[in-house]
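Notes follow the structure.
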Amino acid sequence: MSKWSRRLTPELAEEISKRYDGTKEVIDQLCEEFNVPRYTIHCYASSKGLTKKRKGDNWSKEEIDFLYDNFSKGAQYVAKKLQRSPNAVKIKLNRLGVGFKDSHLLTANLVANILNIDIHVIT
């Protein structure tokens, strides 16, 4: 028997099942009413599948296709379009074995260096 489940009464389990929505307000109310720590409520809710999955857990095929097609536009752009964090985009690209440095686009600075001219001529 785990530490958190020893604090769990049938009444608390029923209330968590009815009221749990993951918000701080509801969790605080349950903690106060049943005199248990947040950890107990969270563990029970998680064990019953009441906690919400984070969006980052699943990437759809369409999102991955968009990522491949647009990663050269930058993490901020892709993140905004996919409603994810720039860090999530970078991590996903890394896991897919793709990076922003693999882009087929060249920066103005790189072009200037290749052509051995001043960058201000290009920009």
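The values are calculated or read from the model by the stated rules, or taken from the named source; none is laboratory data. Just so you know, these numbers come straight off a predicted model, no measurement behind them. A quick note on method: Cβ atoms are made from the backbone with ideal geometry, for glycine too, and the neighbour counts reach across all protein chains shown.
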- Task: Go through the stretch 75-100 and give me each residue that's modelled with pLDDT of 85 or more, assigned to a loop (DSSP other than H, G, I, E, B) and either at negative phi or touching a helix residue (DSSP H, G or I) at 6+ places or on another chain (Cβ under 7 Å) (or both).
- Result: ARG84, SER85
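For (1) outside any loop (DSSP other than H, G, I, E, B); (2) at pLDDT 85 or above, each residue gets a yes or a no:
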position	(1), (2)
LYS18	yes, yes
GLU25	yes, yes
ASP28	yes, yes
THR51	no, no
GLY56	yes, no
TRP59	no, yes
- Message: Condition first: in the same structural domain as ARG7 (by TED's automatic domain parsing) and farther than 14 Å from LEU12 by Cα. Can you find one or more residues in the stretch 25-35 that meet it?
- Response: yes
- Message: Pairs needed: first member in the stretch 83-94, under 10 Å from LEU67 (Cβ atoms); second member anywhere, surrounded by 17 or more Cβ atoms within 10 Å (Cβ to Cβ) and among the β-branched types (Val, Ile, Thr); C-beta distance under 9 Å; at least 6 residues apart or different chains.
- Response: ARG84/VAL78; VAL89/VAL78; LEU93/VAL78
